[in-house]
Structures are given as structure tokens and as C-alpha cells.
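Enquirer: Structure incoming, see below.
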Amino acid sequence: MQDTGGDIANSARLERDDIVHRKNAALLSDDEVGALRSAFEQVKQISVDARGDDRGFFQHAGMHGVPFWDCPHHTPQRIFLPWHRAYLYRLEQSLADRVEGVTLPWWDWTTMRGIPEPYADEQVGGAENTLFKSRTLVTPADIRNGAPLVEETSRTPSPPDFLPSPQDLRDVLDQPSFAVFSDACEDIHDGVHGWVGGTMGNVGYAAFDPVFWAHHCMIDRVWWLWQQDGRMNAVPFAGWEDLVLEPFNLTVRDVLNANALGLDYADSETLIEPQAGAGKAGEIIVCEPVPSGVAVPAADFRSADFEIGGIKHTGSSYEGLVYINNPDANAETGKDAQAGYAGSFNVFGHGGCFGAEGHCDNREPERRRFDNRPLARSIRMKKRVEITEALRGAARSSSEVQFTIVARTTDPNPEGVLDVKRLSIVSYR
């Protein structure tokens, strides 16, 4: 069990359960693809209405090459990875402004041997697929030294076998130092740009193709995976963390940990809803069953977590026991596989409010711009329970997966127990 609570640097407004997941483009649900397309369409329309509006797609895509040329490739400072992490974050925030909850997905070219399905077809349901191509809105005034004017993105993909293989990726992840890793990562990145061809093979116009953002999410995920092996603070030279990432008003230090930007990576996330009329308030939550194929979209997942978000912890302390396919579980049920036990989490409660009226209210949504005091102690938190083997076994043996959460507490008059906002299954490959 992993506790992901704790204040997050430079994110005073961020609730502990607000970290969102970037997901595998090949495993997005129809609703997730629809939301992504809607968000892209809206940010594109902003630029059509007003090309200079910094919320629009033109302003974002134009930072990479034409017309603003902010992107650093193959520089001695090696800020390729942090610069693009800030770049992805900037567009992702604009997309989420249009459609709440939208995140950029990643294209795993080691397993998806071609353009990812959401981006692959020119038409979807008889309408233009906004993820297939884009107008650049570039004008002759933006072009220098007789360079070509490209008005619309295009692709000329190479054979699938020319994409990086799983072994190619392992070779990159095996690099021990940041400098060597960064160079290897940038090289494999360059190869995929060349594989897609067309405007993706041209630094000046690449970012106008929506698949650019899925490719770069994969590159950022590769860095994130490399960092998970005890390398979160690995840097190429002293002072590197303080370099400014223009034009984002961020330093390298600000983006070293993706969680500090409210981000994490997963293959998929399935929301779980409590079952109406089941369980017992403050003691047991029985969830709606979900088909095993929905709970586990990829059969070859590496690990999985059950995430409990928005946990209230101002009341009693308790242990939350998680069971799979045992809706009758209660506080007397044992911690054994036969009972469906998957894992547990613990809440260290405040035991009630010891201040005056309003002391324990969550004031984060109304925090003033220059209020830099610590986060409110009552801010809700998130817990993760590692359920890999339990979920794998349940998905193999049953067509449905159903979660039950049972609270155990020694408090004779428990308060605020199992008061949660969000439940989900998150899988990783």
C-alpha cells in the first residue's frame, strides 16, 4: 500500500486526490476518445476565431517551430525532456479548460505498431476526425528564408517494423546516467518523428499534428519510468534544476516530478461506483460490479492499484480492508485470499475538530492568489492499495469484478469513517 498524501510543491490549490492519469491511447474508452476530440476541436476553434489567443492550438503548436521556435533540440544543456514536459502540461491545461478531466494519452509505439486508432482515420462517424490532421494557420509572414509554407498537416508512415521495438526501449531505460539516457531518449524520439513522416518529420510543423502530442507523452512517460528507479533527482550537472524553461515561466526543478504537476501515468483507469442500497454508511462500501474486461482492459498488465480518493480524515482512525468479489465481507472477515482480501489502507484521523467554527473547513477552493500558507489540515487525501495478483486472479475466474471496502476501527463512536469521493482501478504495463 502506498500513501500518496502530502503537500505538493507549487500546487497550493491541488487537492491530494486531484492527480490525474495520462493513459495508453490504445486503451481509451469511447467516452475518453470523444472527450479528447471535443477538447482538441475547441482549442483549435479558439485559434480560428483569434489566432493570437494564447489558449488556442496555434499558439501552443507554434511554440515548437513555426512561428515562435522555442523548442530546444540536441542542446548541450540537455533540457529536451523537461522542456517538453512543461510543453505537454501547457496544452493539457488548455484542453482541460474546455473539457473537464481530459488528459493527453500516450502512444506506445513498441506495442501499437502504427498510428494509434483515435488518430488514424480521417473520418469518424461521417464527420472529420480532428485528431487526424490540423490546419496550421501559418501565413507567409511567419516564414523565413524561403522555407515552405504548409497549410495542413500530413503523414507518410513507414512500415510498422521500422518503429522502435520493446528491446530498443529497454536499451534506453538501461542507461545509467541522465546525460546518456537523455541522448538515447531523444534519438528514439527523432526516429518516430521520421517514421510518421510528412509534417511530423519537420520540426517547424510537427506540433500541429495531433499525434505529435501522443508521441511526446510516450517520450515523457519513458523519462517518468526511468525516474521511478530511484532517479527522480538525477541531473546532468550542478545548477541544471534552476534553468528556466522558456516561455513557460517554469524551471527544470518545477517539472522534475510529474506528480508536482498533478500528473501520473497509467495504462487505464476504471471508475468504480458504490452500489445503491448496499453496504452500511460509515462501515462498509459495496461497489457496483464491472465486467472483468472493463476492469482489466489489457490482460498483460504489469501491476494494478485500487485508488481511494477524497478520503476525509478529520474524524476517527480506521483501517480500510479491500475485498474483491465478496460483497458479504464485514469487519470480522479475515485477511486471506479465499475471502477475496486484496489489501488494506490506514487512515490516521484527527479525532474531530479542536478549533473554533470553520477551523476544519476545506478552504482550498477559495484560497486567495497570494495566500501561501500551508494547505488546510482537513484537505482530503488519496490512498492506493496494490491489488495486482488479487485482481489478476479475480479477472481470470469471474466475468465480473466487484469491490467491497470494510472499515475496522477501535473507536466506540466512529465519526467520518469511509467518507470518500472517488474509487477507481488503475492498471500499468
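Rule-based calculations on the coordinates, nothing more; no lab input. Model, not experiment: these values are computed from the prediction. Cβ: placed from backbone, ideal geometry, glycine included. Neighbour counts: every protein chain shown.
Enquirer: Tell me the label-point distance for the pair Asp411, Ile143, using the 7 Å Cα-to-Cβ offset, in nm and rounded to one decimal.
Expert: The answer from the label model is 6.9 nm.
Enquirer: Using Cα springs under 10 Å in a Gaussian network model of the chain, which residue among Asn330, Asn413, Asn259 shows the largest mean-square fluctuation?
Expert: Most flexible of the set in this elastic network: Asn413.
Enquirer: Also, quick follow-up: Report, in debye and to the nearest 20, how large the dipole of the stretch 321-429 comes out about its Cα centre when Lys and Arg carry +1 and Asp and Glu carry -1 on their Cβ.
Expert: 680 debye
Enquirer: Compute the projected area of the convex hull of the Cα atoms of the stretch 133-204, averaged over all viewing directions, and report it in nm² to one decimal place. Mind showing how you got there, number by number?
Expert: On the way: hull surface 25.9 nm².
Its Cα hull, projected and averaged over all orientations, spans 6.5 nm².
Enquirer: Rank His64, Phe248, Ile324 by how far each Cα sits towards the positive end of the charge dipole of the chain (+1 on Lys, Arg Cβ; -1 on Asp, Glu Cβ) and give me just the farthest.
Expert: Phe248
Enquirer: With Kirkwood's inverse mean 1/r over C-alpha pairs for Rh, give me the Rg to Rh ratio of the stretch 310-393, two decimals please.
Expert: Radius of gyration over Kirkwood radius for the stretch 310-393 works out to 1.13.
Enquirer: While we're looking at this one, here's another question. Given the DSSP H assignment, sum -39500 (n - 2.57) over each helix run of at least 4 residues in the chain and divide by its residue total; what's the result at 222 nm in deg cm²/dmol, nearest 500?
Expert: So the calculated ellipticity at 222 nm is -8000 deg cm²/dmol.
Enquirer: Any idea what Rg and Dmax come out to for the stretch 271-429 if you just take the C-alpha atoms, in Å?
Expert: Every Cα atom of the stretch 271-429 included, Rg and Dmax give 17.2, 54 Å.
Enquirer: Output the Kirkwood hydrodynamic radius of the stretch 73-221, Cα pairs only, in Å rounded to one decimal.
Expert: 16.6 Å
Enquirer: Same structure, new question: With just the Cα atoms defining each centre, how far is the stretch 200-252 from the stretch 332-397? Give it in Å.
Expert: Value for the Cα centre distance between the two parts: 31 Å.
Enquirer: Could you tell me the center-to-center distance, by alpha carbons, between the stretch 84-158 and the stretch 269-302 in angstrom?
Expert: 34 Å
Enquirer: Can you list residues whose amide H is under 5 Å from Val401's amide H, if they're 5+ apart or on another chain and H is modeled 1.01 Å from N?
Expert: Residues meeting the criterion, in which the H sits 1.01 Å from N, are Val290, Ser292.
Enquirer: Another one. Can you run phi through the Karplus equation (6.51, -1.76, 1.60; θ = phi - 60°) for the stretch 300-311 and list ³J(HN,Hα) in whole Hz, with x for Gly and Pro?
Expert: 9, 4, 7, 8, 8, 10, 9, 9, 10, x, x, 7
Enquirer: Could I ask something else about it? Based on the mean of other beta carbon atoms within 10 Å per residue, what is the order of 202-208, 372-378, most packed first?
Expert: Final packing ranking: 202-208, 372-378.
Enquirer: So in the chain, which Cys have no other cysteine's beta-carbon sitting under 4.7 angstrom from theirs?
Expert: Cys71, Cys185, Cys217, Cys287
Enquirer: Enumerate the amide H contacts of Ser268 below 5 Å, restricted to partners 5 or more residues apart or on another chain; note that Pro and chain-start residues carry no placed amide H.
Expert: Amide H neighbours of Ser268, under 5 Å, 5+ apart: Asn24, Ser427.
Enquirer: Also: Placing +1 on the Cβ of each Lys and Arg and -1 on the Cβ of each Asp and Glu in the stretch 16-105, which of Tyr89, Thr103, Gln45 has its Cα farthest towards the positive end of the resulting dipole?
Expert: Positive-most Cα among the choices belongs to Tyr89.
Enquirer: Show me the three semi-axes of the equivalent ellipsoid for the stretch 368-429, from the C-alpha gyration tensor (sqrt of 5 times each eigenvalue), largest first, rounded to whole Å.
Expert: 32, 20, 9
Enquirer: Largest first, please: the extent of the C-alpha atoms of the chain along each principal axis, to the nearest Å.
Expert: In descending order, the Cα extents are 79, 51, 47 Å.
Enquirer: Could you compute the net charge surrounding Gly351? Neighbours are other residues with a C-beta less than 14 Å from the C-beta of Gly351; K and R count +1, D and E count -1. It would help to have the intermediate numbers written out before the result.
Expert: Details: positive: Lys312, Arg377; negative: Asp411, Glu415.
Cβ neighbours under 14 Å give a net charge of 0.
Enquirer: With springs connecting C-alpha atoms under 10 Å apart, model the chain as a Gaussian network and identify which of Arg78, Arg98, Arg170 has the largest mean-square fluctuation.
Expert: Comparing Arg78, Arg98, Arg170 in a Gaussian network model of the chain, the most mobile one is Arg170.
Enquirer: For the stretch 84-125, what is the largest minus smallest coordinate of the Cα atoms on each principal axis, given in angstrom and ordered from greatest to least?
Expert: Cα extents, longest axis first: 29, 28, 15 Å.
Enquirer: Hey, another quick one. Just need log10 I(q)/I(0) for the stretch 51-90 at q = 0.19, 0.26, 0.28, 0.30 Å⁻¹, Debye formula, equal scatterers on the alpha-carbon atoms, no solvent, rounded to two decimals.
Expert: Each listed q maps to, in turn, -0.56, -0.89, -0.97, -1.04.
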